[in-house]
Structure formats: C-alpha cells, structure tokens
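Report on one structure; see the data block that follows.
The values are calculated or read from the model by the stated rules, or taken from the named source; none is laboratory data. Worth saying up front: this structure is predicted, and the values here are computed from it rather than measured. Virtual Cβ from ideal backbone geometry, glycine too; neighbours counted across all protein chains shown.
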Amino acid sequence: MDKQATAIALFSGGLDSILACRVVAAQGVRVRAIKFVTPFFDHDLLAATGQYSKKIKEKYDIEVDIRDITDPYLDMLHDPPHGFGKHFNPCIDCKILMLSEARKLLAEHHASLIITGEVVGQRPMSQRKDTLRVIERDSGTDSLLLRPLCARSQKPTAAELSGIIDRERLPYCSGRGRAKQIELAASFGISDYPNPAGGCVLTDPNLARRVRMLYRQKGLVNRDNVLFLLVGRQFRLPHGGWLAIGRSQEENAVVQQLRRPGDLLLTLTDRPGPTALLRYAAHPEDINLSAALVVRYGRKIPGGPLAAEVQVSRDQQVTLLRTPPLPDEQLAGLTII
C-alpha cells in the first residue's frame with residue numbers, strides 16, 4: 001500500500017506557488033497542484049487545459065489540474081463577508097473560497113494537507129498575519145493548511161506535528177521582498193518564472209467598475225454576461241440593448257465566440273471594421289444605434305462616403321443596414337467605459 005503523503009496545492013502559476021510545491025515535494029510528499037479559474041482570472045486556460053498542464057510539468061516538474069469555480073465565485077461576489085479591496089476585489093473571501101474548494105478535493109486525492117505560496121506581509125489585504133488566521137478559520141482549513149514559505153513564523157500544522165513535514169527544512173520568507181524566493185528558485189534550478197503581477201480583473205479600476213455596475217442590475221449576473229462585459233468597448237442603449245464592440249482583431253474573435261442564441265452580430269461589409277455583439281435587443285432603435293456605432297469605429301475611407309453598410313445577423317436571419325457613423329455628441333450618454 002502506498003504510504004506517501006499527498007498535498008493539495010493552490011497554484012497561481014507565480015513564483016511563490018511554484019516554490020511552495022517544490023519545497024514540499026522535496027520532503028517526499030506527492031503534490032497535486034490545483035489552478036482555480038474564473039472569468040476574472042485565467043479563464044482562457046479552459047480552452048487549453050492539457051497544454052497548460054504539460055507546460056507546467058515540463059518547466060517546473062509540477063502536476064497541475066485546472067478547476068473552474070465560476071458559479072460559486074459569482075455567488076460570493078454578491079456579498080463577500082470580508083468586503084472588497086480598493087476596487088471590486090474580494091481578496092480575503094476569494095482565498096477562503098479557493099481553500100474551501102481545495103478542502104473538498106482532499107478525499108478525491110487521498111491528501112492530508114493543503115499548501116499555498118502565501119508569505120506573511122507580502123500583500124496588504126490578504127497576507128497580514130491576522131488575516132491569514134481568519135482565512136484558515138473561515139475556510140475550515142485550520143491545522144490542514146501549510147504555508148511552506150513562511151510556516152516557521154506560524155503555529156505548527158498537523159503535517160508538521162505528525163512528521164510528514166520537517167519544519168526545520170522549510171525556508172523563512174516574509175514581507176514584499178523577493179530575494180529569498182529568487183535564491184530558493186536558483187537552488188531548484190528554476191530561472192524562468194513569471195514576474196509578479198496582479199492578474200485579477202477585479203483589481204483593474206475600469207473593469208472592476210463594469211462588474212460593479214453589472215451586480216447592481218437584478219438578474220443579469222451569470223457567466224455569459226460577465227465574459228461579455230469584460231471584452232471590447234461597452235455600451236448600454238436606450239431601450240435595454242447591450243453592445244460590445246471589439247477594439248482589435250483578437251477582441252473581434254472573442255466577441256464572435258461569445259455569441260449566444262438571440263444575440264445580434266454586426267460587421268461592416270464594405271470596409272474593415274470591428275465586430276460587435278448586441279444582447280437584449282428588442283427595439284429597432286437599439287439596432288440602428290448599434291449599426292451607427294460600428295460604422296463610427298470602422299476604418300474611414302479618405303474622400304469616400306461616411307456611411308457604410310452593416311450586416312446584422314440574428315440566429316439564421318441576416319439584414320443589411322446602410323447608416324452614417326454615430327455623431328460624437330450622441331456617444332457620451334451610451335458608453336459604459
């Protein structure tokens with residue numbers, strides 16, 4: 001019978017989470033890393049889970065699975081018990097939710113501990129010493145949760161007390177500096193790792209404002225609408241229509257992929273321009289405004305006509321509209337951001 005201990009690791013893909021996995025694996029513990037994703041962070045990985053897992057295994061010798069926690073995350077955002085940070089970021093409750101989800105995986109992986117790359121003092125909201133204790137308590141991971149990079153400044157966990165982890169072999173990291181982590185990475189032969197980055201849409205002031213506005217509107221919060229909200233230029237129209245216009249070729253592709261039954265897809269037929277998606281459009285004026293906006297952001301033809309032809313397709317129906325660009329004075333009242 002296999003007696004090797006197993007740990008579930010919260011894996012962000014950053015240096016600290018990489019090191020946490022390697023430090024624990026170096027003590028003979030099997031590590032199963034979990035990369036949680038939502039529309040607000042790393043959602044694109046759902047389209048390439050196998051490639052991502054292969055890359056992490058090849059670069060860092062870490063086994064990682066991707067898990068989508070969008071539904072519980074969207075529910076939590078309605079009223080996070082510990083509130084928001086500077087914008088719409090529920091950092092403490094985000095970590096509590098991920099640890100709670102990780103705890104549910106312990107039996108599946110026959111694991112006896114959970115590890116994270118957290119370091120005391122590294123982040124002002126979610127990595128204060130008192131906050132780390134709150135996260136353990138509210139996620140139900142007290143004594144299960146090992147933070148190997150700073151464990152020696154914390155109370156011993158069950159894994160340390162039982163001898164699964166040798167506390168004295170753990171590193172001692174603290175604060176915002178990364179010198180110790182870089183030195184530790186070198187000892188594992190790791191030199192290619194990501195630079196520190198926020199990564200979460202909810203810390204971006206502009207995108208966070210969009211999400212906050214969505215949560216103020218009853219019945220609109222769901223996965224499809226959140227993904228729709230985060231792409232392109234956004235407009236709310238007078239009769240309830242909601243328009244997203246791509247700002248680049250990449251965004252145009254995303255806009256098209258987000259189409260669902262009943263949405264209207266708008267493109268220019270006679271010159272290059274954006275792809276737009278119109279949702280909740282029940283009034284002709286909203287459709288006409290959307291077409292005029294698409295023309296406004298399309299390529300201008302020097303000396304040519306301002307008006308252009310817009311193809312409007314809804315499900316299997318296609319309509320052609322010829323319209324001038326929307327005048328600037330009508331734009332301000334429509335823009336979300």
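Does VAL295 satisfy being within 30 Å of THR38 (Cβ to Cβ), part of a helix (DSSP H, G or I) and of a type in the set (Val, Ile, Thr)? Talk me through it step by step, then tell me what you get.
Numbers: within 30 Å of THR38 (Cβ to Cβ): no; part of a helix (DSSP H, G or I): yes; of a type in the set (Val, Ile, Thr): yes.
In short, no.
Among residues belonging to the range 273-292 that are surrounded by fewer than 22 Cβ atoms within 10 Å (Cβ to Cβ) and part of a loop (DSSP other than H, G, I, E, B), point out the one that is modelled with the lowest pLDDT.
Here the residue is ALA282.
Of all residues in the range 191-213 being among the aliphatic types (A, V, I, L, M) and surrounded by fewer than 18 Cβ atoms within 10 Å (Cβ to Cβ), which is farthest from GLN4 (Cα to Cα)? Working first, answer last.
Just the residues of the range 191-213 that are among the aliphatic types (A, V, I, L, M), to begin with: 197, 201-202, 207-208, 211, 213.
With the extra rule that they be surrounded by fewer than 18 Cβ atoms within 10 Å (Cβ to Cβ), the set shrinks to 197, 213.
On the way: ALA197: 34, MET213: 49 Å.
Ranking the qualifying residues of the range 191-213, first place goes to MET213.
Condition check: among the acidic types (Asp, Glu) and either surrounded by fewer than 15 Cβ atoms within 10 Å (Cβ to Cβ) or touching a residue at least 40 places away in the same chain (Cβ under 8 Å) (or both). Does ASP270 satisfy that?
Numbers: among the acidic types (Asp, Glu): yes; either surrounded by fewer than 15 Cβ atoms within 10 Å (Cβ to Cβ) or touching a residue at least 40 places away in the same chain (Cβ under 8 Å) (or both): no.
Considered against the rule, which asks whether it is among the acidic types (Asp, Glu) and either surrounded by fewer than 15 Cβ atoms within 10 Å (Cβ to Cβ) or touching a residue at least 40 places away in the same chain (Cβ under 8 Å) (or both), ASP270 comes out as no.
So if I check each of ASP44, ASP71, ASP75, which one is surrounded by fewer than 18 Cβ atoms within 10 Å (Cβ to Cβ), more than 22 Å from ALA159 (Cβ to Cβ) and at pLDDT below 95? Steps first, answer last, please.
Working: ASP71 fails: at pLDDT below 95; ASP75 fails: at pLDDT below 95.
It is ASP44.
Let me confirm something: among SER187, SER191, SER143, which residue is more than 30 Å from PRO261 (Cα to Cα), of a type outside the set (Val, Ile, Thr) and touching a residue at least 12 places away in the same chain (Cβ under 8 Å)? Full working, then the answer.
Numbers: SER187 fails: touching a residue at least 12 places away in the same chain (Cβ under 8 Å); SER191 fails: touching a residue at least 12 places away in the same chain (Cβ under 8 Å).
Of the residues listed, the single one that is more than 30 Å from PRO261 (Cα to Cα), of a type outside the set (Val, Ile, Thr) and touching a residue at least 12 places away in the same chain (Cβ under 8 Å) is SER143.
For residues that are surrounded by fewer than 18 Cβ atoms within 10 Å (Cβ to Cβ), closer than 19 Å to ALA9 by Cβ and among the polar types (S, T, N, Q), tally how many sit in the range 159-186.
Of the residues in that region, 1 qualify.
Are any of the residues in the range 26-35 surrounded by 19 or more Cβ atoms within 10 Å (Cβ to Cβ) and within 30 Å of PHE228 (Cβ to Cβ)?
Scanning the range 26-35 turns up at least one residue that is surrounded by 19 or more Cβ atoms within 10 Å (Cβ to Cβ) and within 30 Å of PHE228 (Cβ to Cβ).
Applying the selection to the range 96-133, what residues are under 24 Å from HIS78 (Cα atoms) and modelled with pLDDT of 95 or more?
Those that are under 24 Å from HIS78 (Cα atoms) and modelled with pLDDT of 95 or more: ILE96, LEU97, MET98, LEU99, SER100, GLU101, ALA102, ARG103, LYS104.
Residue check: is ILE164 among the aliphatic types (A, V, I, L, M), over 28 Å from the mean Cα position of the chain (by Cα) and in the same structural domain as ASP93 (by TED's automatic domain parsing)? Quick ask: steps written out before the conclusion?
Numbers: among the aliphatic types (A, V, I, L, M): yes; over 28 Å from the mean Cα position of the chain (by Cα): yes; in the same structural domain as ASP93 (by TED's automatic domain parsing): yes.
The answer is yes for ILE164.
For the range 212-254, what are the residues that are in contact with a strand residue (DSSP E or B) (Cβ under 9 Å, 6 or more places away or on another chain), among the polar types (S, T, N, Q) and part of a helix (DSSP H, G or I)?
Result: ASN225, ASN252.
Take the residues in the range 226-246 that are touching a Gly at 6+ places or on another chain (Cβ under 8 Å) and free of Cβ contacts under 8 Å to residues at least 40 places away in the same chain; name whichever of them is surrounded by the fewest Cβ atoms within 10 Å (Cβ to Cβ).
Filtering first and then ranking leaves VAL231.
Can you confirm whether TYR297 is of a type in the set (Phe, Trp, Tyr) and either touching a Lys or Arg at 6+ places or on another chain (Cβ under 9 Å) or farther than 17 Å from ARG236 by Cβ (or both)?
Working: of a type in the set (Phe, Trp, Tyr): yes; either touching a Lys or Arg at 6+ places or on another chain (Cβ under 9 Å) or farther than 17 Å from ARG236 by Cβ (or both): yes.
So TYR297 fits the description; yes.
Looking for whichever is in a helix (DSSP H, G or I) and either touching a residue at least 24 places away in the same chain (Cβ under 8 Å) or under 26 Å from ARG152 (Cβ atoms) (or both) here; the options are ALA102, ALA111, ALA33. Which one fits?
Values: ALA111 fails: in a helix (DSSP H, G or I); ALA33 fails: in a helix (DSSP H, G or I).
After ruling out the rest, the residue left standing is ALA102.
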